[in-house]
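One structure is given below, encoded as structure tokens.
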Amino acid sequence: MALKLTFFGGAGIVTGSNFLVENDTGAQVLLDCGMEQGRDYIMEDTYGPFPFEAAELSAVVITHAHLDHVGRGPKLMKAGYTGKIYMTAPTRDLSEAILRDSVNILAQEAEQRGIAPLYEAVDVDAFLAHIETVEYHEEKEIGKGVSVYLRNTGHILGSASVRLKDADGTTFALTSDIGNSPSVLLPDAEPVTDAEAILIESVYGDRTNPEKENREQLLGETLARAIARGGTILMPAFSIERTQVLLYEIGKLIEAGTIPEIPVFLDSPLAIAVTNVYEKWGPTYFKKERFEKNLFDFPFLTETRSREESEDIEKAAGVKIIMAGAGMSHGGRIGKWEQRYLPEETTTLLIVGYQAPGTPGRLLQDGAKHVRIQGREVEVRATTETLHGWSGHADRDGLLRFAEACLPTAKTFFVGLGEPASQRFLAQRIHDYLGTKAIVAVKGESFRIAKGRVIRL
Ligand SMILES: [Zn+2]
């Protein structure tokens, strides 16, 4: 009796999380069904057929609502899956917001490339209709002898690690993305203390994040400088978690008098929908000291949903902050504001987070004086500032501490969800520092897990 694990995505690459776990009695449990994104965007893997029979799967578990973990979920329904999809309640609500938002983007992409869309609204509806929510710390039978147990990973609201247990006691866990604990809003990531084999993420497996220590101070100083320039402050927004964290932090800076009260416009229907989900579930899922009601009910904040409301932002004279998607300036409403305000010397472009090579955000971060944004050449006279300390991922030391806390039950780590160099670096450190077996996940490979041992198939 044993479990069989296959890496179908998220091996040698940060995005496209997709793993299959099977047992000897016919269970086929798919963990995550994400999209490949960014520099490594692989059309074929996203749009091509699944490397498994969707109709044959016995269950699907989704760890969290980022598109690189849930983004191909509706495609599963299109491919004939009819079973249940397990996730936490916040992940369900966030998935609904992000998947509905992606339908239009995918339709545009399909038209530009002359291909069929990856999925349509009807597939999103089918996906949502098959969701069954699971609480953290609830052992849940999901059929054919397998049970599932979710724990908080402190990465985004509702994010979970998944521990599977077979009827014979064999255990395997996927950490999925591990938060940069302590996080502003969420409780610390919980170690997985009951799995003999664990697939651990390694996005920052080979990097540290020194800015985290004084990130609040850096945010305050950077905003103060931007306000002194007297113009508009553009913040390309990552819709889930980062936007809510930054709103909360800006609120604190204003309350403390570090910066004056200036208007903040949240100009992103997706980020607004996500913030509503944060307001709904915050009192249950945030860390205790953030349990206040209406946490994001700021007097300085204006949410602009419609196009007309968005247009009106320009009428607000003086210093203002505009937060709009997309986070790497590669789409969404931020492009319109960059076209409008980057040619002005008083403007500040405040980048908070990783910018993939080739995106407009990366070109701006690297100091380009002319950038093509949404089809228009834009001259950049604005000042660009970058803050690195707000990453939602544990750094290399955080990942090693997490792995250590999973001992002694964990006998083997698979290191995945990272670039190859990052995976190798973390695997080497787990081996050297913890004396524990660590295997670099390679796409397409399978392993048998039984009695505390793993065998490559
Ligand atoms: Zn994530």
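Coordinate-derived values only; no laboratory data. Owing to the predicted nature of the structure, the values given are computational and were not obtained by experimental measurement. Using ideal geometry, Cβ is built from the backbone for each residue, glycine included, and neighbour counts are taken over all protein chains shown.
Any chance you could check the Cα centroid distance between the stretch 20-98 and the stretch 152-184 for me, in angstrom? The two parts, judged by their Cα centres, are 16 Å apart.
Each part gets one Cα centre, and for the stretch 375-422 versus the stretch 244-276 those centres are 24 Å apart.
Dividing the summed -39500 (n - 2.57) terms of all DSSP H runs of n ≥ 4 by the residue count of the chain sets its mean residue ellipticity at 222 nm at -9000 deg cm²/dmol. When you restrict to C-alpha pairs under 8 Å that are six or more residues apart and normalise by the size of the stretch 214-387, the relative contact order lands at 29 percent. Scanning residues 5 or more positions from residue 86 or on other chains, those with amide H under 5 Å from its amide H are 60, 61, 62, 132, with H placed 1.01 Å from N in the peptide plane. Model label points for residue 308 and residue 224, set 7 angstrom from Cα along the Cα-to-Cβ axis, are 4.2 nm apart. In this simple spin-label approximation, residue 115 and residue 346 carry label points 7 Å from Cα along the Cα→Cβ vector, and these lie 4.6 nm apart. Straightening the chain between residue 386 and residue 405 buys 3.5 nm, computed as 0.36 nm per residue apart minus the Cα-Cα spacing. Volume of the convex hull of the stretch 344-457 (Cα atoms only), normalised per residue: 133 Å³.
Within the shell of other residues whose beta carbon sits under 15 angstrom from the beta carbon of residue 2, the net charge comes to +3, with Lys and Arg scored +1 and Asp and Glu -1. Computed FRET efficiency, Cβ-Cβ of residue 107 and residue 132, R0 30 Å: what is it to the nearest 0.05? Once rounded, the FRET efficiency stands at 0.55.
The H on the amide N of residue 207, modeled in the peptide plane, is under 5 Å from the matching H of 396, each at least 5 residues off or on a different chain. Remark: the stretch 132-142, residue by residue, has Karplus-estimated 3J(HN,Hα) of 10, 7, 10, 7, 4, 6, 10, 6, 10, 6, 10 Hz, where x stands for each Gly or Pro and the curve is 6.51 cos²θ - 1.76 cosθ + 1.60 at θ = phi - 60°.
Electrostatic tally near residue 389: other residues with Cβ closer than 9 Å to its Cβ, Lys and Arg +1, Asp and Glu -1, net -1. With all projection directions averaged, the alpha carbon convex hull of the stretch 103-241 covers 13.5 nm². Checking the cross-link pairs 411/443; 144/437; 78/144 against a 27 Å limit on the alpha carbon distance flags 144/437 as lying beyond it. With a simple spin-label model that places each label point 7 Å from the Cα along the Cα-to-Cβ direction, the separation between residue 272 and residue 300 comes to 2.1 nm. Between the beta carbons of residue 44 and residue 261, assuming R0 = 60 Å, the FRET efficiency works out to 0.75 to the nearest 0.05. Residue-wise HN-Hα couplings along the stretch 370-375, as the Karplus relation 6.51 cos²θ - 1.76 cosθ + 1.60 with θ = phi - 60° gives them from phi, are 9, 9, 8, 10, 6, x Hz; Gly and Pro carry x. Pairs of Cα atoms under 8 Å, at least six residues apart: use those to get the relative contact order of the chain, whole percent. Answer for the chain is 19 percent. With the largest listed first and rounded to whole Å, the semi-axes of the equivalent ellipsoid of the chain from the Cα gyration tensor are 38, 24, 21. One quarter of the convex hull surface built on the alpha carbon atoms of the stretch 214-387 amounts to 9.8 nm², the projected area averaged over directions.
Across the stretch 130-193, Cα-Cα pairs more than 16 Å apart make up 47 percent of the total. Can you compute the charge dipole magnitude of the chain about its Cα centre, using +1 on each Lys and Arg Cβ and -1 on each Asp and Glu Cβ, nothing else charged? Give it in debye, rounded to the nearest 20. Roughly 720 debye, rounded to the nearest 20.
Here the stretch 341-399 is treated with +1 on each Lys and Arg Cβ and -1 on each Asp and Glu Cβ, and its dipole about the Cα centre works out to around 200 debye. Close amide H pairs (under 5 Å, H built 1.01 Å from N) link residue 199 with 173, 174, 175, 414, residues at least 5 positions away or on another chain. Near residue 174, once Lys and Arg are set to +1 and Asp and Glu to -1 for all other residues with Cβ below 12 Å from its Cβ, the sum equals -1. Mark the label point 7 Å from the Cα of residue 248 along Cα→Cβ and return the residues of the stretch 267-289 whose backbone N is within less than 18 Å of it. Residues 271-289 qualify, since their backbone N sits under 18 Å from the label point.
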